[in-house]
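The values are calculated or read from the model by the stated rules, or taken from the named source; none is laboratory data. Owing to the predicted nature of the structure, the values given are computational and were not obtained by experimental measurement. Cβ: placed from backbone, ideal geometry, glycine included. Neighbour counts: every protein chain shown.
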Ligand SMILES: [Zn+2]
């Protein structure tokens with residue numbers, strides 16, 4: 001026997017499939033969701049995509065699996081946020097929800113009487129999260145970052161959660177598994193509340209190749225097989241994954257123009273020059289160097305560095 005899934009005033013019973021826009025409680029914000037509630041008992045997973053409007057492959061991959069999967073093929077249930085920040089994506093805003101210019105993936109769990117983004121977070125944290133056993137949050141580098149396919153897994157929520165999320169990550173088609181101590185994002189807040197999850201970041205710079213969509217479909221299918229939600233055998237991961245325990249997320253402390261001297265997947269040495277920030281006339285403002293021997297995992301791929309905001313380079317100790 002399965003269980004009912006309840007989302008924003010709708011009940012999706014076992015054996016039912018629901019696919020439509022719902023309205024986030026306490027708002028007029030409409031977001032597309034799919035629920036495939038199987039007839040048999042099993043785990044419930046949340047596949048979340050489109051939290052950030054400039055991050056495309058996850059949304060495309062989720063649309064394929066969510067349209068094809070039927071309750072007769074499912075034990076337990078699968079909930080898809082097909083594109084949580086739908087207004088941001090359709091208006092081509094990179095990260096924030098345009099209605100209030102806030103980031104869904106920060107300052108969880110939000111509040112029931114705040115702005116739109118606060119209420120979206122509150123709904124995810126309080127109505128959705130308690131119904132699910134695992135969260136796969138699909139992201140990418142967005143419009144401005146180049147990024148090597150990677151997963152952030154929780155390392156500050158106990159050994160058991162670390163091992164579970166690492167075990168699942170080994171079935172995902174990525175290069176790097178990066179330990180994260182984050183606690184106030186969609187998946188990281190949930191991990192700290194006892195619901196395991198990972199962020200999977202695939203591709204970047206506003207790209208959405210056919211290959212990246214297919215890789216994401218395989219990731220979702222492998223996750224469903226892992227939890228026994230669907231039947232089948234794992235699609236093998238051909239890449240040799242590296243686990244990184246320590247990462248430096250270098251943020252710009254100058255406003256200006258960023259000229260990197262490294263690239264993603266490059267192995268760099270302690271002290272190596274990462275790049276420079278210059279003013280609009282080309283005058284040097286700031287130079288950055290690596291603090292330890294590392295591999296570059298993602299970086300700002302455009303010219304602009306905003307003071308205190310732009311992540312110039314993220315590099316993980318090797
Ligand atoms: Zn993102």
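At-a-glance table
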| item | result |
| --- | --- |
| Positions within segment 145-170 being assigned to a loop (DSSP other than H, G, I, E, B) and crowded, with 18+ Cβ neighbours inside 10 Å, in sequence order | 148, 149, 155, 157 |
| For residue 235: the one exception among (1) in contact with a strand residue (DSSP E or B) (Cβ under 9 Å, 6 or more places away or on another chain); (2) part of a loop (DSSP other than H, G, I, E, B) | (1) |
| Enumeration of residues in segment 36-69 that are over 25 Å from residue 100 (Cα atoms), surrounded by fewer than 24 Cβ atoms within 10 Å (Cβ to Cβ) and within 21 Å of the chain's Cα centre (by Cα) | 43, 44, 45, 60, 63, 64, 65, 66, 67 |
| Test: residue in segment 176-188 that is without any contact (Cβ under 8 Å) to a residue 12 or more places away in the chain, surrounded by fewer than 19 Cβ atoms within 10 Å (Cβ to Cβ) and away from the ligand (no atom under 16 Å from the Cβ) | no |
| Residues of segment 248-265 satisfying the condition of being over 23 Å from the mean Cα position of the chain (by Cα) and part of a loop (DSSP other than H, G, I, E, B) | 253, 254, 255, 261, 262 |
| Residue 299, sole failed condition from (1) within 18 Å of residue 54 (Cβ to Cβ); (2) in a loop (DSSP other than H, G, I, E, B) | (2) |
| Residue 85 vs. criteria within 14 Å of the ligand (Cβ to nearest atom), assigned by TED's automatic domain parsing to the domain that holds residue 56 and either at pLDDT below 95 or surrounded by fewer than 19 Cβ atoms within 10 Å (Cβ to Cβ) (or both) | no |
| Flag for residue 42 being within 16 Å of the ligand (Cβ to nearest atom) and touching a residue at least 60 places away in the same chain (Cβ under 8 Å) | no |
| Positions within segment 90-119 being in contact (Cβ under 8 Å) with a residue 40 or more places away in the chain, part of a helix (DSSP H, G or I) and touching a strand residue (DSSP E or B) at 6+ places or on another chain (Cβ under 7 Å), in sequence order | 116 |
| Hits in segment 27-64 (condition: outside any strand (DSSP E or B) and more than 17 Å from residue 202 (Cα to Cα)) | 27, 28, 29, 38, 39 |
